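Colleague: Right, I'll just put the structure down here and ask away after.
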Amino acid sequence: MITGFDTITIGVSDPSAAISDYEILLGQDAIHDADHSGGAEFALTNTRLRIQQSDQLGVCRLTFAVDDLSATSQFLTRLGLLDPDDSLGQTQSLNPVNTRSLNLAISGAAISGAVVSNNEQVDRITGLDHIVIQTDYPEHTGFLLGCQLGLDLRLDRTNSDWNSRLLFFRCGDAVVEVYHPLESHTRVHEDHFFGITWRTSDIAAAHQRLLTQGVTVSDIRKGRKTGTAVFTIKSHTANVPTLVIGASSPRD
C-alpha cells in the first residue's frame, strides 16, 4: 500500500538555473546526480523534490512510496494500472492511459519513507503540505486516488465563492488535493498537475528570508485552514504555482 510521497519531479528547460532557484527557495543545497546528467534532488522531511531537464515543463511526475512493492505491484497490475512488463526495478511507472494521463509511479526503494533533510533553521522549507491536481472530472480522479490507489479521502468541499470543488486525499502526513473549477467552459479529459504548497515551521521567518534573497513573494495572509497563514511565491519556482504554509501567529 501507499505510505506517502517518495519524489515530486519538476521538468525544466534549464536545469542549472532551476536548481539554483530552488536552492534559494527551499533554503538548502541540492544533491546533484552522480552521473553528471544535470539533474538534482532536494531531501525534505516527507518527500524528495527532483529537478531535471524535460520537454514536459512543470510538475511532470509524482512517485508514491509503498511499503511492499511486490504486493502493490501485483494489485495495481490486476487493476490495469501497471503493465506487467514494466513491473521491474525499485521504481515502477503506472500506465497513463488509466491514470487520467497523470505521470504516476510507485517506489519501494529502501530510502522511501526515510527521507532526511538538512533543514535546521526555522526559516527553511521543511516539507510538502499538499500537491494539487486539476481535473474536469472529479469523480473519476477521486476513484483513481481513493478506490484504486487507496488514499484516504478526508474532505470533499464545493464552494461557489472559490469557483471550485476540492477533494483532499491523505497521503502519509501530506495531501493530494484535487481541484475542479466549477465554471470550466471546455471540459478536458486529461488531468494535470497544478501546483505545490510547501511547509515551514516559521512562516514569518521564511517570508523574510525569501524577500532578503530576492524572491518575489506576496504578503502573508490568513490560510483557509484554521490556524494557518500562507503566502505565494511568484519567482524561483520554474513556473510551478507555489504557496508556503505555516502556523499563524497569535496576533494574526
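Colleague: Quick one: length gained pulling Leu155 to Ile24 fully straight, 0.36 nm per residue minus the C-alpha distance?
Modeller: On the way: separation 131, 0.36 × 131 = 47.16 nm, distance 3.33 nm.
Length gained between Leu155 and Ile24: 43.8 nm.
Colleague: Right, here's the next one. Pull up the DSSP beta bridges for the chain and report the antiparallel fraction as a percent, rounded to 5.
Modeller: Values: 49 of 68 bridges.
The antiparallel proportion sits near 70 percent.
Colleague: With n ≥ 4 as the cut-off for DSSP H runs, can you work out [θ] at 222 nm for the chain, using -39500 (n - 2.57) per run divided by the number of residues, rounded to the nearest 500? Show your work: numbers first, answer last.
Modeller: Values: 4 runs with 37 residues, N = 252.
About -4000 deg cm²/dmol.
Colleague: What FRET efficiency comes out for the pair His36/Gln213, r = Cβ-Cβ distance, R0 = 25 Å, nearest 0.05?
Modeller: Working: r = 27 Å, r/R0 = 1.08.
So the FRET efficiency works out to roughly 0.40.
Colleague: Just in segment 147-201: which trypsin sites (Lys or Arg not before Pro) are loop by DSSP and have at most 13 other Cβ atoms within 10 Å?
Modeller: Details: sites: Arg154, Arg157, Arg165, Arg170, Arg187, Arg199; in loops: Arg187.
The qualifying sites are Arg187.
Colleague: Over segment 1-76, what is the percentage of antiparallel beta bridges among all DSSP beta bridges, to the nearest 5? Let's see the in-between values first.
Modeller: Details: 14 of 20 bridges.
So the antiparallel bridges amount to about 70 percent of the total.
Colleague: Multiply the residue gap between Ser54 and Asn95 by 0.36 nm, knock off their C-alpha separation, and tell me the result in nm, one decimal place. Don't jump to the answer; show the numbers that get you there.
Modeller: Details: separation 41, 0.36 × 41 = 14.76 nm, distance 1.90 nm.
Between Ser54 and Asn95, full extension yields an extra 12.9 nm.
Colleague: Roughly what % of DSSP beta bridges within segment 129-252 run antiparallel, to the nearest 5? Present the calculation step by step, with values, prior to reporting the outcome.
Modeller: On the way: 29 of 38 bridges.
Counting DSSP beta bridges with both partners in segment 129-252, the antiparallel share is about 75 percent.
Colleague: Follow-up. Tell me, Cys147, Cys60, Cys171 in order of fewest to most beta-carbon neighbours within 10 Å? Don't skip to the end; give the middle numbers.
Modeller: Working: Cys147 11, Cys60 19, Cys171 25.
Exposure proxy ranking, most exposed first: Cys147, Cys60, Cys171.
Colleague: On to the next question. For the residues Ile31, Ile2, Ile203, what sequence is obtained by ranking on other C-beta atoms within 10 Å, fewest first? Present the calculation step by step, with values, prior to reporting the outcome.
Modeller: Values: Ile31 14, Ile2 18, Ile203 24.
Fewest to most other Cβ atoms nearby, the residues stand as Ile31, Ile2, Ile203.
Colleague: Going by how many other beta carbons lie within 10 Å of each one, how would you line up Ser54, Ser70, fewest first? Write out the running numbers ahead of the final one.
Modeller: Values: Ser54 16, Ser70 10.
Sorted ascending by nearby Cβ count, the order is Ser70, Ser54.
Colleague: Any idea how far apart Ser201 and Asp173 come out in nm if each label point goes 7 Å out from Cα toward Cβ?
Modeller: Distance between label points: 1.1 nm.
Laboratory data are not the source of any read-out in this text; all were calculated from the coordinates shown. Small disclaimer: the values here were computed from a predicted structure and weren't measured. Heads up, the Cβs are rebuilt from the backbone with ideal geometry, glycines too, and the neighbour counts pull from every protein chain shown.
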